[in-house]
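I am attaching a structure below and will ask some questions about it afterwards.
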Amino acid sequence: MNQQHGTSASSAVTLYDRHPINADQILLTLREEGKDLDRLLPADLRPHDQDHYGGEAAVLDLAAAVGLQDGDRIIDICAGVGGPSRLLAEKFTHARFLAFDLNGGRCRGAHRLNGLVGLDRQIDVVQGDAQGMPFADNSLDIALSQEAFLHIPDKQAVLNEAARILRAGGRLGFTDLVAGPALEEADRAALEAGMEMRTLQTVPDYMSKFRAAGLSLVSHDDLSPQWVTILTERLEWYRAMDSGTRQTLGDGVHERYMDGYVTFVGLVQAGRLGGGRFVLRKD
């Protein structure tokens, strides 16, 4: 981890230490469903391990948008417990994946889940800071990320790093929150305090940063309308996970997470926050 980003990065790690979707919670749910944990298939995990907005369809849409092909070398930046990498690894059996995340617990969880479904040889899990990634220049074909840059303080740094590790003509596809014109400083402060959402960008802000990183825009899709529905449903899903979260993370953890999440979803419902999918090509 780069020392200059240490304080804010540590806060984001703490946030995900109390996230309702975690490997222990997933395995607890599967046991309650009567699954044999020694005979799991990737499909058994997918109702529970897709920690992003829109589930499997959103992952496949993003992969299609960047033109992911079998045999590509792919990094999922801020991969969490690795659900998208497992979904895509099963579909693209000759591709190689790096599941890269700052949180050590989530990296360990991703590795454990990969092993349980026989995908640990196709997916390498690496811990580190996206603002300074430990990968060689021009070494990867595709970079993906879903709703993760919102936690990264220095958006320009992560875009520069993605451009550095991609080969010429390689593509970055990511989804992220975007600030609407009505988002106020008080809203930003509440999102940072409750959900570690930092330096949220408007679409024009992002366009400027893409150019500075040497990335050309291929496409931009406004996801705001569908995210209102998705996040409203997700809020109720998280609320229903209270009992399991208490068992895996302890009393009080779920409530602290949900306080910030309710504020966040309210801002999306009010139109002050939106969502976007961006596909970029390294020049």
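The values are calculated or read from the model by the stated rules, or taken from the named source; none is laboratory data. Keep in mind the model is a prediction, meaning the values are calculated, not measured. Neighbour counts are summed over all protein chains in view; Cβ atoms, including those assigned to glycine, are modelled from backbone coordinates with ideal geometry. Quick note on the areas: whole protein, heavy atoms, side chains included, nothing else; ligands and nucleic acids left out. Shrake-Rupley method; radii C 1.70, N 1.55, O 1.52, S 1.80 Å.
Take the residues of region 5-26 that are among the charged types (D, E, K, R) and farther than 27 Å from K91 by Cα: which is modelled with the lowest pLDDT?
Filtering region 5-26 for residues that are among the charged types (D, E, K, R) and farther than 27 Å from K91 by Cα, the one modelled with the lowest pLDDT comes out as R18.
Just one of (1) surrounded by fewer than 21 Cβ atoms within 10 Å (Cβ to Cβ); (2) in contact with a helix residue (DSSP H, G or I) (Cβ under 6 Å, 6 or more places away or on another chain) trips up L113, so point out which.
L113 satisfies all of (1) surrounded by fewer than 21 Cβ atoms within 10 Å (Cβ to Cβ); (2) in contact with a helix residue (DSSP H, G or I) (Cβ under 6 Å, 6 or more places away or on another chain) except (1).
Just the residues that are hydroxyl-bearing (S, T, Y) and open to solvent by less than 60 Å² (accessible area, probe 1.4 Å), please, taken from region 174-205.
Hits for region 174-205 are T175, T202.
Given the structure, is A168 open to solvent by 20 Å² or more (accessible area, probe 1.4 Å), free of Cβ contacts under 8 Å to residues at least 24 places away in the same chain and of a type outside the set (V, I, T)?
Taking the combined requirement at face value, the residue does not satisfy it.
Report, by residue number, each residue of region 146-166 that is of a type outside the set (A, V, I, L, M, F, W, C) and either closer than 16 Å to A12 by Cα or in contact with a Leu (Cβ under 7 Å, 6 or more places away or on another chain) (or both).
Q146, E147, H151, P153, D154, K155
Let's see how each residue does on (1) over 30 Å from A168 (Cβ atoms); (2) open to solvent by 40 Å² or more (accessible area, probe 1.4 Å); (3) within 12 Å of the chain's Cα centre (by Cα):
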| site | (1), (2), (3) |
| --- | --- |
| Y16 | yes, yes, yes |
| N22 | yes, no, no |
| A63 | no, no, no |
| V81 | yes, no, yes |
| L87 | no, no, no |
| F92 | no, no, no |
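Which one is nearest to the chain's Cα centre (by Cα) among residues in region 27-54 that are closer than 19 Å to K91 by Cβ and surrounded by fewer than 16 Cβ atoms within 10 Å (Cβ to Cβ)?
Restricting attention to region 27-54, the residues satisfying the condition of being closer than 19 Å to K91 by Cβ are 40-52, 54.
Filter again for surrounded by fewer than 16 Cβ atoms within 10 Å (Cβ to Cβ), leaving 41, 43, 47.
Working: L41: 22, A43: 19, P47: 16 Å.
Here the answer is P47.
While we're on this one: How many of the residues in region 123-143 are open to solvent by less than 20 Å² (accessible area, probe 1.4 Å) and within 15 Å of V81 (Cβ to Cβ)?
Qualifying residue count for the region: 1.
What number goes with the only condition from (1) under 25 Å from T93 (Cβ atoms); (2) touching a residue at least 40 places away in the same chain (Cβ under 8 Å); (3) surrounded by fewer than 19 Cβ atoms within 10 Å (Cβ to Cβ) that D120 does not pass?
(2)
Just the residues that are more than 19 Å from the chain's Cα centre (by Cα) and either open to solvent by 40 Å² or more (accessible area, probe 1.4 Å) or closer than 22 Å to Y53 by Cβ (or both), please, taken from region 211-228.
R211, A212, L217, V218, S219, P225
Now, a different point. Please enumerate the residues belonging to region 171-230 that are within 14 Å of L267 (Cβ to Cβ) and polar (S, T, N, Q).
S224
What are the residues in region 96-131 that are within 17 Å of the chain's Cα centre (by Cα) and of a type in the set (G, A, S), if any?
Within region 96-131, A99, G104, G105, G109, A110, G128, A130 meet the criteria.
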